[in-house]
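Asker: Got a structure here, written out as structure tokens. Questions coming.
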Amino acid sequence: MLEILGYSDKITTRPGDTLEIKVSCEAGAKTFNAELVRIICADDFPGGAGYKVETVAHESNRAYPGRRQVINVGSSIQVNDAQGTLAPPSFTLQAFIYPTTPAHGVQGILGRFCDKMGGYRLMIDAQGALTLEIVNDGEKKTISSGIALKSRIWHFVAATFDAETGEVNLYQETGSNKIVHTEKISLTPAIPSKPFLIADGKYNGRIDSPHIFPRALTRREMDTCSVAEALAAWDFSIGISTADVTDASGNNHHGQAINLPTRGICGRNWTGEFMSWQEKPQHYGAIHFHDDDLYDACWETDFTLTLPDNLPSGIYAVRLSCAPSIPEHADEAEAFVTFFVSPSLRKATAPVAFLASTATYLAYANSHHGWRDPLAEICYNMALQLGPTEQFLQSRPDLGLSTYDVHSDGSPSYYSSRLRPVVNLRPKHRVWNFGADTHILNWLHMTGQTVDIITDDDLHEKGTALLKPYRTIITGTHPEYHTHEMLRAIKAYVDDGGRLMYVGGNGFYWHTAYHSTLPGVIEVRRAENGSRTQGALPGEYHMSFNGRMGGLWCNLGFAPQKLVGIGYGSTGFDSASYYRRQPGSFDLRAAFIFEGIGADEKIGDFGSVMGGAAGYELDMIDHELGTPEETLVLASSEGHSNAYVLTPERLLCAYPGIDGISHSDVRADMVFFSTIKRGAVFSTGSITWAGSLAHNKFDNNVARITGNVLKRFLDPKPF
Amino acid sequence: MAYTIDPKRLDLAREFMAKPYGLHSDELQRVLNVMRAPMQRSGRLVALCLRRHREWALGRMHQDPLAPIARVDDRVFRSFEEIEKEIFRLRWHELTGRVLDA
């Protein structure tokens, strides 16, 4: 197991910033060590590019007392009620619910309750039936319908309690199936000094229109009473893009959503007439709660770390370590809290900037799809492997999910937060995304090229102004997730004469949203089609954070071909191949790119990632989707295996013959084009390109082409 | 009719053992597609990495993807390719009833 975990309050930083470092010693270590390190190359694979992490002298590099910190996973709504007005002697609790795991044990729906002091709550009992629980001074009374709730069906549920008569009525209804259960009890609930809760962190499913009335209503009154008669009537269709929950009764019992339950999802009124919560909020009056929702782990800070004013821009981490329980498993007693140091604002310290794919890293944060997705093995065409990190994630649902996962109830996970230990954003892990991106930084480091690090998060916030100081921007190997603001900024930069090197594959693919007020969290709704491990549900294609339609940028009017000339076309994970020069490479405009490269030379028939520069996810030109007319196709890959197939969005229907043997579109296109104001774009269209840079001590044709392009792109002479 | 693996086609097993990754013959790929199918009644065999880059063990996933993944036995493999081949052998046995001696 992983014995130490940590995270920081920030991921994009600047010299002088102070980070709050939060640590948990999971196996009980009494102390841990912290050390600031600069990450040059995260790849520690035998035969890989060579692990390079350098210690940075800092006053925070020392031992600290260790402790275990817990994560309270699971979502709810908390309604603070210091005055105690949400505690009437008699009451009616009612709501529409759509439980998704009614057979998974006790789950609270609505009430004011704590284990120590008691209280009252409407809940699902261990048998899956609707229950009202009343507890006072250790005495407990449960009144159950005795009939299990049905999974994934809307129910009307209610409980009334008359303090004078002791009568309890339970209502559990689905359409014409109406269950009424009546009992008399001689116990009144204690009133704990705890918030009123809608869902309890363990409930899985949707809740719509929860109400509490200050008396025991008749069933007829439940249909006819106005919200003004309620003590609280929460309307989830208000404030969908926020964590605020509105009480529409006028009594101001407003609440806060905890751990980001899913909003902007179909409620009990949804008919299919409207597809967006912005068009008809009343149809989207539900919130979906999950027992594995997590926004902020809320750990206490173990120490702060202030970045020196003269710290060079780069990728850094706080390396945490403790004494391992098993000496030969020392790797598991080491963690990295990774962060990105950009230069001070408007003070570029290099002519080139590396745009770190922080949105993409977040989309994949703590992902489980590599082994839980039933299609994973047949897609990878190799056995599934779980390292210590993956085994730990499997055992620890409290670490939350990525946007690739499904929740424990099978519903898609739309959100991913960095305010928790993210165990796969670190060195000594897979050579994928972050790890693979350091191959580019490693190559720049080796060539002596200074580079500033900028991030997706900053690009979303600051737009083109972030890019303008640089002659060239280099992307990561798989810059997959972007907001409209980010794409617009890159396009404006290139159109205005900037130079862009896209040295990756499957970039600019999924529409992504950042939350307008909550830091460190993104939303992705995988609408319509695309290569997916889960899909947004019908009627739920619009993101809750901003109301915009989710899905692929190629379906949303901003295909990657418009930006970088190429877009995702095919994928495979069992091997990688090489490129052959195409006629465009002999065009005089491209001569600078191929200096020192033979006409018949195979490009990238080597590399530490699957043995080739063309692999994993491949992009191709498509003029209909926006590849600029003047684009030169410089080289294309060939010889891909039968495990490589076209991406689903390229298919109107499924058909045989879409693999690397049969279909000519299974290839990566390397392209170059210049823009109106003498800017330029160079794209390689393959995730494994950067894995070939270090081959033969960086003396190879992949490094040469990349270097030729960078040298010319840094030359201010216009194209 | 779903493809079934012919236990007499040892040539396919030998092809896999010689080159577990990359381009396979069409017939071997059909065998692998059956072995790696999305639904696996007996629970998917996986490689559990015990020590990074050094040691692997066989694990079997539960039908419930959230459940713990149990080790199959005490054997420790020294390379990922070695355990890949062992998974092939075990599946060949499970799917054909014949022990694969390759």
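Asker: Please enumerate the residues belonging to region A:665-719 that are among the β-branched types (Val, Ile, Thr), part of a loop (DSSP other than H, G, I, E, B) and surrounded by 24 or more Cβ atoms within 10 Å (Cβ to Cβ). Step through it out loud before you land on a result.
Answerer: So the first thing to find is which residues in region A:665-719 are among the β-branched types (Val, Ile, Thr), and the list is A:666, A:671, A:675-676, A:681, A:684, A:687-688, A:702, A:705-706, A:709.
Cutting the leftovers down to part of a loop (DSSP other than H, G, I, E, B) gives us A:666, A:675-676, A:684.
Hits for region A:665-719 are A:VAL666, A:THR684.
Asker: Let me ask something else. Can you name the condition, by its number, that B:ARG71 falls short on among (1) surrounded by 16 or more Cβ atoms within 10 Å (Cβ to Cβ); (2) modelled with pLDDT of 95 or more?
Answerer: (1)
Asker: Among the residues of region A:396-417, write down those that are over 9 Å from the mean Cα position of the chain (by Cα) and within 17 Å of A:ALA297 (Cα to Cα).
Answerer: A:ARG396, A:PRO397, A:ASP398, A:LEU399, A:GLY400
Asker: Also: I need a count of the residues in region A:460-512 that are out of contact with any Lys or Arg (no Cβ under 9 Å at 6 or more places or on another chain), outside any loop (DSSP other than H, G, I, E, B) and either closer than 12 Å to A:PHE354 by Cα or of a type in the set (S, T, N, Q) (or both).
Answerer: Of the residues in that region, 6 qualify.
Asker: Let me ask another. Hey, could you check region A:406-430 for residues that are more than 11 Å from chain B (Cβ to nearest Cβ) and outside any loop (DSSP other than H, G, I, E, B) and say which is farthest from B:PRO65 (Cα to Cα)?
Answerer: Filtering first and then ranking leaves A:LEU419.
Asker: Consider region B:66-102. How many of its residues are under 19 Å from B:LYS8 (Cα atoms), within 11 Å of chain A (Cβ to nearest Cβ) and of a type in the set (D, E, K, R)?
Answerer: 3
Asker: Sticking with this structure for a sec: From the list A:ALA29, A:ALA57, which one is surrounded by fewer than 18 Cβ atoms within 10 Å (Cβ to Cβ), in contact with a strand residue (DSSP E or B) (Cβ under 9 Å, 6 or more places away or on another chain) and over 30 Å from A:PHE113 (Cα atoms)? Step through it out loud before you land on a result.
Answerer: Working: A:ALA29 fails: surrounded by fewer than 18 Cβ atoms within 10 Å (Cβ to Cβ).
Among A:ALA29, A:ALA57, only A:ALA57 is surrounded by fewer than 18 Cβ atoms within 10 Å (Cβ to Cβ), in contact with a strand residue (DSSP E or B) (Cβ under 9 Å, 6 or more places away or on another chain) and over 30 Å from A:PHE113 (Cα atoms).
Asker: Exactly one condition in (1) touching a residue at least 40 places away in the same chain (Cβ under 8 Å); (2) part of a strand (DSSP E or B) is not met by B:LEU90; state its number.
Answerer: It fails just one condition, (2).
Asker: Next question. Out of (1) outside any loop (DSSP other than H, G, I, E, B); (2) modelled with pLDDT under 95, the odd one out for A:GLU54 is which?
Answerer: Against the list (1) outside any loop (DSSP other than H, G, I, E, B); (2) modelled with pLDDT under 95, A:GLU54 comes up short only on (2).
Asker: Does A:GLY685 satisfy the criteria of being more than 14 Å from every other protein chain (Cβ to nearest Cβ), farther than 15 Å from B:GLY22 by Cα, in contact with a strand residue (DSSP E or B) (Cβ under 9 Å, 6 or more places away or on another chain) and not aromatic (Phe, Trp, Tyr)?
Answerer: Values: more than 14 Å from every other protein chain (Cβ to nearest Cβ): yes; farther than 15 Å from B:GLY22 by Cα: yes; in contact with a strand residue (DSSP E or B) (Cβ under 9 Å, 6 or more places away or on another chain): yes; not aromatic (Phe, Trp, Tyr): yes.
Yes.
Asker: Which residue is nearest to the other protein chains (Cβ to nearest Cβ), if the candidates are limited to region A:18-43 and must be within 25 Å of the chain's Cα centre (by Cα) and assigned to a loop (DSSP other than H, G, I, E, B)?
Answerer: Here the answer is A:ASP43.
Asker: Filter the strands (runs of 3 or more DSSP E) completely within region A:158-216 down to those with at least 2 residues that are over 16 Å from A:ALA95 (Cβ atoms) and of a type outside the set (A, V, I, L, M).
Answerer: Of the strands (runs of 3 or more DSSP E) lying wholly inside region A:158-216, those with at least 2 residues that are over 16 Å from A:ALA95 (Cβ atoms) and of a type outside the set (A, V, I, L, M) span A:177-184.
Asker: Please count how many residues of region A:126-161 are on the phi < 0 side of the Ramachandran plot, touching a strand residue (DSSP E or B) at 6+ places or on another chain (Cβ under 9 Å), without any contact (Cβ under 8 Å) to a residue 60 or more places away in the chain and not polar (S, T, N, Q). Show your work before the answer.
Answerer: Kept after step one, since they are on the phi < 0 side of the Ramachandran plot, are these residues of region A:126-161: A:126-127, A:129-136, A:139-145, A:147-151, A:153-161.
Narrowing further to those that are touching a strand residue (DSSP E or B) at 6+ places or on another chain (Cβ under 9 Å): A:127, A:129-136, A:139-145, A:147-151, A:153-161.
If we keep only those that are without any contact (Cβ under 8 Å) to a residue 60 or more places away in the chain as well, we get A:127, A:129-136, A:139-145, A:147-151, A:153, A:155.
From what is left, the residues that are not polar (S, T, N, Q) are A:129-130, A:132-135, A:139-141, A:143, A:147-150, A:153, A:155.
So the count comes out to 16.
Asker: Restricting to region A:441-486, and then to whatever is among the β-branched types (Val, Ile, Thr) and over 21 Å from A:ALA559 (Cβ atoms), can you tell me which residue is nearest to the chain's Cα centre (by Cα)?
Answerer: A:THR455
Asker: Within region A:357-374, count every residue that is at the interface with chain B (Cβ under 9 Å from one of its Cβ atoms), buried (at least 20 other Cβ atoms within 10 Å of the Cβ) and not in a helix (DSSP H, G or I).
Answerer: The number of residues fulfilling the criteria is 2.
Asker: Using the structure shown, decide if A:LEU86 is in a loop (DSSP other than H, G, I, E, B), at negative phi and touching a Leu at 6+ places or on another chain (Cβ under 9 Å).
Answerer: Yes: the conditions hold for A:LEU86.
Asker: In region A:196-244, what count of residues is obtained for those that are β-branched (Val, Ile, Thr) and buried (at least 24 other Cβ atoms within 10 Å of the Cβ)? Explain how you work it out, then say what you get.
Answerer: Of all residues in region A:196-244, those β-branched (Val, Ile, Thr) come to A:198, A:207, A:212, A:218, A:224, A:227, A:238, A:240, A:242.
Now restrict to residues that are buried (at least 24 other Cβ atoms within 10 Å of the Cβ): A:198, A:207, A:212.
Of the residues in that region, 3 qualify.
Asker: Still on this model: Could you tell me which of the residues A:THR438, A:THR403 is β-branched (Val, Ile, Thr), surrounded by 23 or more Cβ atoms within 10 Å (Cβ to Cβ), in contact with a Lys or Arg (Cβ under 9 Å, 6 or more places away or on another chain) and in a helix (DSSP H, G or I)? Please lay out each step first, then the result.
Answerer: Numbers: A:THR403 fails: in a helix (DSSP H, G or I).
Criteria check complete, one pass: A:THR438.
Asker: Same structure, new question: Assess whether B:TRP56 counts as being of a type in the set (Phe, Trp, Tyr), surrounded by 19 or more Cβ atoms within 10 Å (Cβ to Cβ) and facing chain A (nearest Cβ under 10 Å).
Answerer: Details: of a type in the set (Phe, Trp, Tyr): yes; surrounded by 19 or more Cβ atoms within 10 Å (Cβ to Cβ): yes; facing chain A (nearest Cβ under 10 Å): yes.
Considered against the rule, which asks whether it is of a type in the set (Phe, Trp, Tyr), surrounded by 19 or more Cβ atoms within 10 Å (Cβ to Cβ) and facing chain A (nearest Cβ under 10 Å), B:TRP56 comes out as yes.
Asker: For region A:32-54, what are the residues that are more than 26 Å from A:GLY691 (Cα to Cα) and surrounded by fewer than 21 Cβ atoms within 10 Å (Cβ to Cβ)?
Answerer: Scanning region A:32-54 gives A:ASN33, A:GLU35.
Asker: Hey, another quick one. Just one of the numbered conditions (1) outside any loop (DSSP other than H, G, I, E, B); (2) among the polar types (S, T, N, Q); (3) away from every other protein chain (no Cβ under 14 Å) is not true of A:GLN391; which one?
Answerer: With (1) outside any loop (DSSP other than H, G, I, E, B); (2) among the polar types (S, T, N, Q); (3) away from every other protein chain (no Cβ under 14 Å) applied to A:GLN391, the lone miss is (3).
Asker: Can you report the number of residues in region A:567-609 which are buried (at least 19 other Cβ atoms within 10 Å of the Cβ), hydrophobic (A, V, I, L, M, F, W, C) and either touching a Pro at 6+ places or on another chain (Cβ under 7 Å) or assigned to a loop (DSSP other than H, G, I, E, B) (or both)?
Answerer: 1
Asker: Can you say whether B:ARG71 is under 12 Å from A:LEU384 (Cα atoms) and in contact with a strand residue (DSSP E or B) (Cβ under 7 Å, 6 or more places away or on another chain), as far as the supplied structure shows?
Answerer: On the way: under 12 Å from A:LEU384 (Cα atoms): no; in contact with a strand residue (DSSP E or B) (Cβ under 7 Å, 6 or more places away or on another chain): yes.
So B:ARG71 fails the test.
Asker: In region B:8-38, what residues are at the interface with another protein chain (Cβ under 8 Å from one of its Cβ atoms) and more than 14 Å from the chain's Cα centre (by Cα)?
Answerer: In the first step, residues of region B:8-38 are kept if they are at the interface with another protein chain (Cβ under 8 Å from one of its Cβ atoms); the result is B:20-24, B:26, B:29, B:32-33, B:36-38.
Of everything in region B:8-38, those that are at the interface with another protein chain (Cβ under 8 Å from one of its Cβ atoms) and more than 14 Å from the chain's Cα centre (by Cα) turn out to be B:GLY22, B:LEU23, B:HIS24, B:ASP26.
Asker: Evaluate region B:40-49: report whether one residue or more is more than 10 Å from chain A (Cβ to nearest Cβ), out of contact with any Phe, Trp or Tyr (no Cβ under 7 Å at 6 or more places or on another chain) and of a type in the set (Gly, Ala, Ser). Break it down stepwise before answering.
Answerer: Filtering region B:40-49 down to residues more than 10 Å from chain A (Cβ to nearest Cβ) leaves B:41-43.
After this cut, where a residue has to be out of contact with any Phe, Trp or Tyr (no Cβ under 7 Å at 6 or more places or on another chain) as well, the list is B:41-43.
Among the residues that remain, those that are also of a type in the set (Gly, Ala, Ser) are: B:42-43.
Yes: one or more hits.
Asker: From the list A:GLU300, A:GLU377, A:GLU334, which residue is within 14 Å of chain B (Cβ to nearest Cβ), modelled with pLDDT of 95 or more and in contact with a strand residue (DSSP E or B) (Cβ under 7 Å, 6 or more places away or on another chain)?
Answerer: Answer to the check: A:GLU334.
Asker: Is it the case, given these coordinates, that A:LYS462 is surrounded by fewer than 21 Cβ atoms within 10 Å (Cβ to Cβ) and under 22 Å from A:THR517 (Cβ atoms)?
Answerer: Working: surrounded by fewer than 21 Cβ atoms within 10 Å (Cβ to Cβ): yes; under 22 Å from A:THR517 (Cβ atoms): yes.
Judged against the criteria, A:LYS462 is a match.
The values are calculated or read from the model by the stated rules, or taken from the named source; none is laboratory data. Predicted model only: the values in this text are computed from it and were never measured. Don't worry about glycine lacking a Cβ; one is built from the backbone with ideal geometry, like all the others, and counts go over all protein chains shown.
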